[in-house]
Amino acid sequence: MSDSPPALPSARTAVVAAALELFDAQGFDQTSVDQIAQAAGISRSTFFRQFGGKDDVVFADHELLLDELRVFLAQGHSDPWSAVCEASVQVFTHFAADPELARRRYAVVRQVPALREREIVTVFRYERLFDEYLREALPGIDPLDAVGFAALVTAIHNHVLRQLLRGTKKVPVTVLRAALDDALRRFGVDGAATREPSADDVVVAVFPRTMPTAEMARRVRERLDG
C-alpha cells in the first residue's frame, strides 16, 4: 500500500488554511464565517455548502480520512491486525505531510473547549472504526481483544502524532511504524511463524500465549486452506 496521504481538494485546503490562520490570529469565537469566506476568496454560501460551520473547517481532514479508511479496510486484507496499523499510518502520513498546518490546527483546538470535546469524539470514531473492522474481519474474536487492540493502536498513533504537533521538527513515519510493530508483538499477532507441517495429516501449530484465539483460528484456517 502506498504511503501517499489522502488530500483535501486544493480549494477546500485553501479554505481550511485561511480559517486556521484567522482562528490562530484573532481567536475562534472572534472569527466570523464572512471573514473566512473573504480570506479564502469564496462566497458565504459556498462556505456553508462545503463545511456547514466553523468547527467543521477544523475537522475537515478527519472527515475525509475516516471515509478513506472505511474504503481501505473494506478492501479485504489477509492480516486484519496489520491492516489496522496501516490505516493508522495513513492518518499520520496525512498530517505529517503539512506539519505547520497540523500544528496550527492543534493550537486552535487546544484553545477552544468545544473543539477539544469534538476532538475526543473524533478520536473515538477512529477507535470504533478499527474495533468494528476487527470484529467483522475475525469472526469469533473476543470483543475485548478487538476493542483492546483498536484502543492500543489509536493511543500509539496519538502519542506519536503529538510529538509532531508539540514540537518543531519532523517526526518520520518510521517512528510510528516501529511502535506499531512493537504493539503487534506485545499483542501476539506480529506474524510469528507457525511451525511447518510435516508430510502426514498431523499439523502442529505453535502460537504465543498472548495471541487472541480468533487470530489463532484465522492462521490455522489459512494454513489448512493453503
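Pairs needed: first member in segment 142-170, farther than 28 Å from residue 213 by Cβ and in contact (Cβ under 8 Å) with a residue 12 or more places away in the chain; second member anywhere, hydroxyl-bearing (Ser, Thr, Tyr) and open to solvent by less than 70 Å² (accessible area, probe 1.4 Å); C-beta distance under 7 Å; at least 6 residues apart or different chains.
165/106
Listed residues 147, 160; which is open to solvent by 30 Å² or more (accessible area, probe 1.4 Å), modelled with pLDDT of 95 or more and over 24 Å from residue 26 (Cα atoms)?
Selected residue: 147, the only one of 147, 160 that is open to solvent by 30 Å² or more (accessible area, probe 1.4 Å), modelled with pLDDT of 95 or more and over 24 Å from residue 26 (Cα atoms).
Within segment 108-122, count every residue that is of a type outside the set (Gly, Ala, Ser) and open to solvent by less than 80 Å² (accessible area, probe 1.4 Å).
8
Please count how many residues of segment 91-102 are open to solvent by less than 30 Å² (accessible area, probe 1.4 Å) and of a type outside the set (Ser, Thr, Tyr).
Count: 7.
Regarding residue 77, is this residue in contact with a helix residue (DSSP H, G or I) (Cβ under 7 Å, 6 or more places away or on another chain) and open to solvent by 40 Å² or more (accessible area, probe 1.4 Å)?
Yes, satisfied.
Quick check on my filter: what residues within segment 48-61 are within 17 Å of residue 92 (Cβ to Cβ) and modelled with pLDDT of 90 or more?
59
With respect to the numbered conditions (1) touching a Leu at 6+ places or on another chain (Cβ under 7 Å); (2) buried (at least 20 other Cβ atoms within 10 Å of the Cβ); (3) at pLDDT below 95; (4) aliphatic (A, V, I, L, M), which one is the sole condition not fulfilled by residue 64?
Single failed check for residue 64: (2).
Checking residue 139 against (1) touching a residue at least 40 places away in the same chain (Cβ under 8 Å); (2) open to solvent by less than 50 Å² (accessible area, probe 1.4 Å), which test does it fail?
(2)
Would you check which residues across segment 65-80 are in contact with a His (Cβ under 9 Å, 6 or more places away or on another chain) and under 19 Å from residue 120 (Cβ atoms) and list them?
Of everything in segment 65-80, just one residue is in contact with a His (Cβ under 9 Å, 6 or more places away or on another chain) and under 19 Å from residue 120 (Cβ atoms), namely 65.
Tell me which of these residue 1 doesn't satisfy, since it passes every other one: (1) surrounded by fewer than 17 Cβ atoms within 10 Å (Cβ to Cβ); (2) at pLDDT 90 or above.
(2)
Could you tell me which residue of segment 164-182 is nearest to the chain's Cα centre (by Cα), considering only residues that are of a type in the set (Gly, Ala, Ser) and either open to solvent by 30 Å² or more (accessible area, probe 1.4 Å) or modelled with pLDDT of 95 or more (or both)?
179
Would you list the helices (runs of 4 or more DSSP H) that sit entirely within segment 1-91 and hold 1 or more residues that are farther than 29 Å from residue 188 by Cα and of a type in the set (Val, Ile, Thr)?
10-26, 33-40, 44-50, 54-58
The values are calculated or read from the model by the stated rules, or taken from the named source; none is laboratory data. Note that the structure is predicted; figures quoted are calculated from it, not measured. In this analysis, Cβ positions are derived from the backbone assuming ideal geometry, glycine residues included, and neighbour counts consider all displayed protein chains. Accessible surface is based on the protein model in full, side chains and every heavy atom, while ligands, DNA and RNA are left aside. Shrake-Rupley method; radii C 1.70, N 1.55, O 1.52, S 1.80 Å.
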